[in-house]
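Read-outs: derived from the displayed coordinates by stated rules, not from any lab. Being a predicted model, the structure only gives us computed values, none of them experimental. As a convention, Cβ positions derive from the backbone with ideal geometry for all residues, glycine included, and neighbour counts pool all protein chains shown.
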Ligand SMILES: Cc1cc2nc3c(=O)[nH]c(=O)nc-3n(C[C@H](O)[C@H](O)[C@H](O)COP(=O)(O)OP(=O)(O)OC[C@H]3O[C@@H](n4cnc5c(N)ncnc54)[C@H](O)[C@@H]3O)c2cc1C
């Protein structure tokens, strides 16, 4: 029996679905007090005064803390990504004070922390904190922020530009002068947010000489590292626990001010403090995503070949730089922009812009969805301009299959093969029939559109030397421990963190196959820095390919050690031993054998071990892959647009993705489904809107629409498997692929449906009102 | 999401509720299903010092037929209306309307009295009640009075109910055999509340419209009946042509709500489109 490749249900489902999960909010400690933040109501302003007297005297209040109370005592919250050769602003400018000092720069910025015996009392007292502001001119959108005379978000800079990073390769001037056509477009991808169903929460307990932080985190070790740096607490004195976490999508990568200040406050009060973000608070206190403005120009030949790309992107960073946001705005975006195509020349400058808005950072895909959106929007514009079918145009531009395909931006695609997804796509969809249907429907006055996009993603983060070279102040290898207990059961520790992905299940499958141990004998644990080895967490579609490979390596080490012990016990040399299905046996006489459980017992009691072999049967492994993984695929979306109302109905959605070796097809499909829903949401429903002067218009689920189950069509998901050579499993990341492809597949389908109205391009979100406007601003062409 | 503190009282009868309302005046709020009031309190947009819970006054929860009039108790839930055989038979469009409200959990507790008293301009009931010519029955210290639905909605979240008055009943004429009703809502994807909604009741005779009631909500601050359209439709053939002409009049002269999601221009158009759809549905017309 092999577990890998089986559609095994997540082990954690039963517990979580029945309400037996333990989230931060479920944890209660003795003497625990509750924190509530007072947040800025203005987008930009000087703090004239903060009167905390009334709040301090209110019933149950333990403390009220403001920025001035702590400014000498704690550091600032800084970005971990410093992009080389980008003129990135200094940490002094881009770092956030834990509580605003003298000035606020966005609505929602924490200004004071009120701590009380009960949550109710904390909320009541927070209302009594009186903050007086002198409002300053604010700027919320990119176009305004980059103007010469824009209000400046920060002192000490001459423009609201946080960094500019250029990628240039090939003879750009030449291809642009020799091209048959230049096709140019400004594309804006609206702001949205990751919106995990569990908001953020933490409990800081610094009462007995050690700090314990329970937190909704995708990466507890990164939190530990920040606590040590910002608060000056020795790292060995810090324990960070990320228990059950209800989704992340990037929102829980960042280290936020709230947890840092709570830890500091706990050290002052010597009491555990809990803070739980409210659903509405999440919209001003947790990171946003997308919000990219891009100007691009493509140089193309009449036969459809794309020769060159040049342009500029501007990402709206908000008021400060987030934990990894400089990389989201630059490296993670620009490097993948040429996608799966053969491009000769490339000149693209990525810019990060400060505005008076909440911080932008990684939102499922983090820079890559924006790149593929731009690329695939342009491919449709080119197809339209040249009169070539969109799928055919892409086919003419694909990079060849191969194991070392260099892109114009210097990436090396090590397992690209678009012919495979193309042929699978051909099997599962009758593309020509859909186009025929579209044509006929149009004749009957129905507006059908088809978006067919090709995408590729950079995943697995990893490799450490590469991410280091592009400025991430961290490693990106992963770790694992595989430990046999005397009874032959296995515990696996992982440095990644599963918060919906199902890592506990897939890792058990990997161990089960490697060691021949039944799945129900394996327990996978993660999320506690006192328990697990140093690791970097889960994001960037790295869990299985990088974290799972560390697990595999550790299991292999265990197997090798077990072999020494088995050989000794069987009175053979290790070279004479083979291993399969959980048994060590003599190559020459398979009946001479020991099960790995028997070996584990021997190892654990240590009565009879070979000379020089330590007792115990466990191993730790670190895995740093030599390359990223590059999943790729073709997604098709077919829609109908109602011209009288602008409503959109999704008629069909097909996803064909190459995710390398698929460890668990059920969970892989779930990742694609979730990603596609995310992409549909970002395309059609989700929108973080600010007024021009920085007031948030979408501050709750009353305004911000997430896709609901009944908005979502049936999603057909198929895989091809071209193994990644960059890890022993052959796996690629698939956590973001769906979101990346779907947002643009939906957008292209909608714009395609509007073709009879003469609409060539439309920016999202693709809401009925915006679609109807586009139809009616197209001079009424083909109106019915 | 924690409300400001408040005192809680439970009323066991209509009289007791009215007594409490008189006693506590504007410090107090009635609590029925809590599906509008509690969210407002949690956001601290509403902070009543006292809550008078009428939720267990079972005598206010009924659907009965009295001659040609359907009587609905103020505490009747959305779900009751959605699933009632009597409503399905006598006013099917009301069951359709109730089904449009929120989700099952909310429909199981939210009440028609609460929804009407709350008077959210984008709620589902208001245009339907206007089209159906409902009458609201209110009881206060000074006794019981009837309020025509035409006079009920005053401004957003304000009705003709007095400070001390409880909405105890809604009376709706049963549909006649020659009458057709229809209701359509285009919902905001975040809340499910209307961006535009429209309800009609049309009386037909020999392919002619003999009487029409046409009501709109969601895009204006107060849901309304459009009497010019009603007059226009009177005695017209029930054809696509007729309704297309009528649709030109939709929202004429109205101040239309606009926001970043759907501006006034769009909502005006949407109102026309929805009117056309509703009329086609009521008259069983294909485009
Ligand atoms: C998530 C969500 C989605 C929703 N979606 C929709 C939707 O799609 N369409 C829609 O129409 N509605 C929607 N609603 C609102 C829902 O219909 C409410 O149930 C209804 O608006 C209020 O009824 P209630 O019984 O819950 O009233 P409560 O919330 O208890 O009271 C509402 C107000 O009416 C007053 N009141 C209540 N009963 C009486 C009475 N008998 N006499 C006098 N005053 C009274 C109260 O004092 C209060 O001011 C939604 C609600 C939620 C929470």
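Globularity index of the range A:29-184 is 1.48 (Cα radius of gyration / 2.2 N^0.38 Å, N = number of residues). Using equal-weight Cα scatterers in the Debye expression, the normalised intensity of the range A:713-784 in log10 at q = 0.16, 0.27 Å⁻¹ is -0.69, -1.22. Put in line by how crowded their Cβ is, counting other Cβ atoms within 10 Å and starting with the fewest, A:534, A:378 read A:534, A:378. Evaluating kT/(6 pi eta Rh) at 25 °C and 0.890 mPa s, with the Kirkwood radius of the range B:74-193 over Cα pairs in the Stokes-Einstein relation, gives 167 µm² s⁻¹.
If you plug the beta carbon distance of residue B:146 and residue A:716 into 1/(1 + (r/R0)^6) with R0 = 45 Å, you get a FRET efficiency near 0.20. Note on B:261-269: average number of Cβ atoms from other chains within 10 Å of each residue's Cβ is 5.
For q values of 0.18, 0.27, 0.28, 0.31 Å⁻¹, compute log₁₀ I(q)/I(0) with the Debye formula on a Cα-only model of the range A:460-506, without solvent. Computed log10 I(q)/I(0) values: -0.71, -0.98, -1.00, -1.06. The equivalent ellipsoid that matches the C-alpha gyration tensor of the range A:652-784 spans semi-axes of 33, 20, 13 angstrom, in descending order.
Given the range B:64-118, report the % of alpha carbon pairs whose separation exceeds 15 Å. Counting pairs separated by more than 15 Å, the tail of P(r) holds 43 percent.
Volume per residue of the convex hull around the Cα atoms, evaluated for the range A:342-417, comes out as 142 Å³. Across the alpha-carbon atoms of the range B:7-53, the computed radius of gyration and Dmax are 10.5, 31 angstrom. Computed from label points 7 Å out along Cα-Cβ, the spacing between residue B:102 and residue A:385 is 5.2 nm. Counting Cβ atoms of other protein chains within 10 Å of each Cβ in B:187-194 and taking the mean gives 5.
Its alpha carbons considered, chain B gives a radius of gyration followed by a Dmax of 19.1, 61 Å. Quick note on the range A:519-588: its Rg to Rh ratio, both from C-alpha atoms and Rh being the Kirkwood radius, is 1.11. When DSSP beta bridges are restricted to pairs lying wholly in the protein assembly as shown, around 80% turn out antiparallel. Counting Cβ atoms of other protein chains within 10 Å of each residue's Cβ and taking the mean over peptide A:767-777 gives 4. When peptides A:666-677, A:450-461, A:703-714 are ranked by their average number of other Cβ atoms within 10 Å per residue, the highest-first order is A:450-461, A:666-677, A:703-714.
Computed over the range A:464-623, the range of Cα coordinates on each principal axis works out to 53, 31, 28 Å, biggest value leading. Computed from the C-alpha gyration tensor, the three semi-axes of the ellipsoid equivalent to the range A:400-484 are 42, 17, 15 Å, from longest to shortest.
Each eigenvalue of the Cα gyration tensor of the range B:179-282, multiplied by 5 and square-rooted, gives one semi-axis; in descending order these are 25, 13, 11 Å. Of the peptides A:362-372, B:129-139, the ranking by mean beta-carbon count within 10 Å, highest at the top, reads A:362-372, B:129-139. Each Cα pair under 8 Å and six or more residues apart adds its separation to the average, and for the range B:179-282 the resulting relative contact order is 28 percent. Ranked by the mean number of other Cβ atoms within 10 Å per residue, highest first, peptides A:150-157, B:163-170 order as B:163-170, A:150-157. Find, to one decimal place in angstroms, the Kirkwood hydrodynamic radius of the range A:262-343, where the mean of 1/r is taken over every pair of different Cα atoms and then inverted. Taking the inverse mean of 1/r over all distinct Cα pairs, the range A:262-343 comes out at 16.8 Å.
In vacuo Debye scattering of the protein assembly as shown, one point per C-alpha: log10 I(q)/I(0) at q = 0.09 Å⁻¹? The computed values of log10 I(q)/I(0) come out as -1.14.
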